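I have placed the structure first, in the form of structure tokens, so that the comments after it can refer back to it.
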Amino acid sequence: MDFKRNILVTGGAGFIGSHVVRLLVTRYPDYRVVNLDKLTYAGNLMNLKDVEQMPNYVFVKGDICDFERVSELMNRYAIDGVIHLAAESHVDRSIRDPFTFARTNVMGTLSLLQAARNYWESLPEGYEGKRFHQISTDEVYGSLEISHSEGIASPFTTNASSEHHQAYGERFFREGDNYTPHSPYSAAKASADHFVRSFHDTYGLPVVVTNCSNNYGPYQFPEKLIPLFINNIQHRKPLPVYGRGENVRDWLYVEDHARAIDLVFHKGRTGDTYNIGGFNEWKNIDIVRLLISTVDRLLGRNPDEDMDLITFVKDRAGHDARYAIDSTKLQRELGWEPSLQFEDGIEKTVCWYLEHQDWMDQITSGAYEKYYEEMYGNR
Ligand code: NAD
Ligand code: TYD
């Protein structure tokens, strides 16, 4: 079958990547979606069980740092678009093992850029109709000051704005702000973004970059705050809150991020950057309380009895105080809006984890790591 487009998604077995793959294969039956993933501890093919048999989906186990392999794939599948999500993504791990982050996030991105460039330049039409979409994070912009410890009315509203709707400072990250990363994770992502833009400016590679705030939702690896804490609350295990829980993050439901990626990939201006965020700032400690009350309400338990699961522990080294994204450009130019109020998104997310205990169990037991062998091992 001839496909209208052939898209290489990297890191499609991870949290956000699996939502992007699902959206693309179901929304665009005439596109072939090639998912290249190394299946590190964070890659889980169970995340894609519902779409793995679709005729327009191909899974390839491989490392983005393997330049020969990536080059071969670009040719074999006649790739005309790359949506690059593969990365080491957990700040705490980056503090323990920065080399792995530099290798994957920097060298892996460079390997993809060079392979895309070589392949597209070898075609008669060149860069016409091609696109390299770099998926980045708000963390590259650094940390904002918390100037209102109780929060003030946020200057931004969307249809999805919640009652809480607060801002904890006057400043927001805007496209074009200087990069000031603090963690090895964000430093490696920042470096990768610089390489992406350098390929645009030097070789004319048609790139677009999106910087998104913290995501939450189904299929997130339970080392990150929200799924870890849902699981711990359910099993009445301690909730390790770093410092005093005063740090502020801007949260977005993962499917809203996937929709924004789809929009920018198709309609964004070449060479441009788009910030993606929900105008939804929360202090960690308030999220933890919301999680306890939501989990306990859904389980028919008394939340007051679980508040003492909160355990303040030693702060994360270099812990960024506040992230807050201004996504006005994306809203104004491409008409994107977050679809869910945070409280509704959290309820939906908690329900999903409670109803998918089997998914959590195969992560905690390590069984998910064998799934590739079972599904693809003898191909
Ligand atoms: P994740 O850790 O859940 O998934 C990463 C995926 O990349 C995994 O499937 C893993 O197997 C794969 N991978 C890792 N190294 C690889 C390699 N060398 N070759 C091929 N595949 C490899 O990450 P996530 O939270 O889904 O984040 C995806 C992307 O979105 C990352 O680039 C991250 O920086 C960015 N991002 C994440 C968030 C967030 O809140 N999670 C917010 C903004 C941006
Ligand atoms: P995390 O989910 O790791 O995302 P990021 O570091 O990319 O923002 O953490 C979200 C916030 O929650 C961050 O301020 C660190 C804090 N946190 C805890 O307090 N305890 C934990 O066990 C974890 C994983 C995170």
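Side notes on the structure shown:
- Using a cut-off of 29 Å between Cα atoms, the listed pairs K189/K267; K38/K130; K314/K370; K130/K189; K189/K224; K4/K224 include K314/K370; K4/K224 as exceeding that distance.
- Spatially proximal aspartates and glutamates relative to K61 (Cα-Cα < 14 Å; intrachain offsets below 8 disregarded): D37, E52, E72, E369, E373, E374
- Per-residue ellipticity at 222 nm, computed for the chain from helices alone with -39500 (n - 2.57) per DSSP H run of at least four residues, works out to -11500 deg cm²/dmol.
- Computed from phi, the 3J(HN,Hα) profile of the stretch 227-236 under the Karplus parametrisation 6.51, -1.76, 1.60 (θ = phi - 60°) reads x, 4, 6, 4, 5, 5, 4, 4, 9, 6 Hz, with x in place of Gly and Pro.
- Largest to smallest principal axis extent of the C-alpha atoms in the stretch 271-332, angstrom: 51, 31, 14
- Relative to the dominant Cα principal axis of the chain, helix 108-121 is inclined by about 30°.
- Using every pair of distinct Cα positions in the stretch 324-365, the Kirkwood expression returns a hydrodynamic radius of 12.9 angstrom.
- Rounded D (µm²/s) - the stretch 263-369, Kirkwood Rh over Cα pairs, Stokes-Einstein at 37 °C, 0.692 mPa s: 189
- Surface composition of the stretch 39-149: carbon plus sulfur atoms contribute 53% of the solvent-accessible area (1.4 Å probe, protein chains only, all chains present).
- Relative packing of 326-332, 122-128, 55-61, which averages over residues the other C-beta atoms within 10 Å, highest first: 326-332, 55-61, 122-128
- Solvent-accessible area per residue in the chain equals 41 Å², computed with a 1.4 angstrom probe and all protein chains kept.
- Nonpolar atom fraction for the stretch 330-379, defined as the carbon and sulfur part of the 1.4 Å probe accessible area, stands at 44 percent.
- Counted by Cβ distance under 13 Å from N247, the other residues give a net charge of -3, where Lys and Arg count +1 and Asp and Glu count -1.
- Dipole moment magnitude, nearest 20 debye, the stretch 271-356 about Cα centre, only Lys, Arg, Asp, Glu C-beta charged: 200
- Table column - 3J(HN,Hα) (Hz), the stretch 301-312, Karplus curve with 6.51, -1.76, 1.60, x for Gly and Pro: 10, 8, x, 4, 6, 9, 4, 7, 5, 4, 10, 6
- Charged neighbours of N232, selected by a Cβ distance under 15 Å, balance to -1 (K, R count +1; D, E count -1).
- Relative contact order, whole percent, for the stretch 117-209 stands at 40, derived from Cα pairs under 8 Å and 6 or more residues apart.
- Rh (Kirkwood; distinct C-alpha pairs) - the chain, Å: 21.3
- A Förster distance of 25 Å, applied to the separation of the beta-carbon atoms of E223 and Q357, puts the FRET efficiency at 0.90.
- Inter-part distance, the stretch 1-29 to the stretch 232-251, computed on C-alpha centroids, equals 33 Å.
- Against the chain, whose longest principal axis comes from its Cα atoms, helix 184-203 is set at around 30 degrees.
- Net charge contributed by nearby residues that have their C-beta within less than 12 Å of D272 (K/R +1, D/E -1): +3
- Alpha-carbon centroid distance for the pair the stretch 301-364 / the stretch 31-110, whole angstrom: 24
- Take every Cα pair under 8 Å whose residues are at least 6 apart in sequence, average their separation, divide by the length of the chain, and the relative contact order is 18 percent.
- For the stretch 37-145, a Kirkwood hydrodynamic radius built from all Cα pairs, placed in the Stokes-Einstein relation at 4 °C and 1.567 mPa s, yields a translational diffusion coefficient of 82 µm²/s.
- For the stretch 102-107, Karplus couplings with θ = phi - 60° (6.51, -1.76, 1.60), whole Hz, Gly/Pro x: 5, 4, 6, 6, 8, 5
- The alpha-carbon positions of the stretch 186-305 define a convex hull whose volume is 126 Å³ per residue.
- Amide H partners (placed H, <5 Å) of I83, local residues excluded: L8, V9, T10, H133
- When each of the peptides 194-205, 27-38, 144-155, 42-53 is scored by the mean number of other C-beta atoms lying within 10 Å of its residues, the order from highest to lowest reads 27-38, 42-53, 194-205, 144-155.
- Quick note on the stretch 103-242: its Rg to Rh ratio, both from C-alpha atoms and Rh being the Kirkwood radius, is 1.06.
The values are calculated or read from the model by the stated rules, or taken from the named source; none is laboratory data. On a predicted model such as this, the values are computed, not experimentally measured, just so you know. Methodologically, a virtual Cβ is constructed for each residue, glycine included, from the backbone with ideal geometry; neighbour enumeration extends over all protein chains shown. The accessibility values were calculated without ligands, DNA or RNA, using every heavy atom of the protein model including side chains. Shrake-Rupley method; radii C 1.70, N 1.55, O 1.52, S 1.80 Å.
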